[in-house]
Structures are given as C-alpha cells and as structure tokens.
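Down below is the structure, laid out as structure tokens.
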Amino acid sequence: MININIGNELKAINPTMALGVLECKVKNTEFDKKLWNEIDTLTLQIRNTLTPDAIKEHPQIAATRRMYADCGKDPSRYRPSAEALMRRLVKGNNLYQINTLVDLVNLVSMRSGYSIGGFDADKIEGDVEAGIGREGEPYNGIGRGPLNIACLPVLRDAHSGFGTPTSDEERTAMSLETTHLLMVINAYDGENILPDILQYSERLLKEYADATEIEKKIVK
C-alpha cells in the first residue's frame, strides 16, 4: 500500500484523529443505476430527517468543523465536503452525477458524515503525509479552480498537496481511466467507527467497481 502517515503538526492539534485508508484495483464506469438507487434512497432519508443546522451537529461533521477551527480555518466559509453534499440535498438540489467512483465516494461520505478523498493512486508520487496547508501553497480544487488551502488539513505527496476535506486536487482526480483507487477517510473524532465505514466502502467497491486486491488500514 501507499505509505501514509499523520504529521506531528496535525497530531499536536488532534492526538486522537485517524485516517481510514482503502486501496484497490477497480474498473470505473460512467454511470451505475443500482448505485444511484442507493444514492436516491439515502437522499430521501437525508431530506426527510435533517435541516441545515442539524447537519452541522452531525457528530462526524461537527468533528471536522472543530478541526478546521483548531487549524485556523473558518468551516462556514470552507465547508467540509460531507457537509456541502448534505446541505445541497436538504436545499432540494440533486447531486452532480460524475462517474461511478466519484459517485460511490460521495455516497460513503454522506452515509458516514466523513469527508473522504478519492484519488487515482497511480498519480500519487511517493509517500503521503497529512499536514496543514501553507499560505500561498498552489492548489487547484476539482471544479473550483485555485483554492486557498492555508490552515486546512491537507494530504501531500512528494509533488504537492492533493487532498483536503473541502476539495481534492485536479492532479490526482479519478477519471474513467482510473484503475487504481486510493480512498482516505478523514476521521477527526477518532477511529471508533472507521472499521464499519471501511467495510461498507469495500462492499460498494466490489459490487459497483469490480474491486480486487483490496487493502485496508487505519492510520493514527
């Protein structure tokens, strides 16, 4: 597996944080109707049970928002992706349909409340460390363009930052040509439910992306 560690800078802020990591070989597709049936079911559940204020109080989302504040970032201006997805649904808008791997990661994120990075692992260079974004650090968020990642938790490889809980970077984005997936689950409330979320992710990846050579671990 790709070697991933949590840097001392983040550990000092949140000693109990953990990363759920899943790496596998996959076959991506443009659209999977059965996967979207699962997304539609969860969409209805979220709309029927949550409000924008309730979303902020969701335990995993609240933990991510606290982490942003502790790092020096305003979580209401730079929303964690799980919160942004759920708020979109509660407002009556539908999710964007991108491709099966992206849609699947979004489903896991909404089910768990965790902001999750999904990356083309073949585009990652060397080891990975979770750290904090620096002022002026270049970063092009997917669908967002240049993103100020200063004071955001960020995943870096030997090249540059490529993943934050707000938006992943274009350089390592998943496409229809992606055959090697890396998922990173940002658990700022500790590791307690990560085994269940990793197992759920594995089930979806086997069913909808023909996943093989699956490896999972929890990084603390």
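A few remarks follow.
- When residue 176 is tested against (1) within 16 Å of the chain's Cα centre (by Cα); (2) surrounded by fewer than 16 Cβ atoms within 10 Å (Cβ to Cβ), just one condition goes unmet, and that condition is (1).
- Candidates in segment 68-83 are the residues that are in contact (Cβ under 8 Å) with a residue 12 or more places away in the chain and under 18 Å from residue 143 (Cα atoms); of these, the one that is surrounded by the most Cβ atoms within 10 Å (Cβ to Cβ) is 80.
- Of the strands (runs of 3 or more DSSP E) lying entirely inside segment 106-220, those containing at least 3 residues that are more than 16 Å from residue 68 (Cβ to Cβ), among the β-branched types (Val, Ile, Thr) and in contact (Cβ under 8 Å) with a residue 12 or more places away in the chain are 212-219.
- Being surrounded by fewer than 18 Cβ atoms within 10 Å (Cβ to Cβ) and touching a helix residue (DSSP H, G or I) at 6+ places or on another chain (Cβ under 9 Å) is a property that residue 206 lacks.
- Residues (surrounded by fewer than 18 Cβ atoms within 10 Å (Cβ to Cβ) and of a type in the set (Lys, Arg)) located in segment 94-141: 134
- Residue 16 in contact (Cβ under 8 Å) with a residue 60 or more places away in the chain and within 18 Å of the chain's Cα centre (by Cα): no
Each value in this text was obtained by applying a stated rule to the coordinates, not by laboratory testing. None of these values were measured; they are calculated from a predicted model. Positions of Cβ are backbone-derived with ideal geometry, glycine not excepted, and every protein chain shown enters the neighbour counts.
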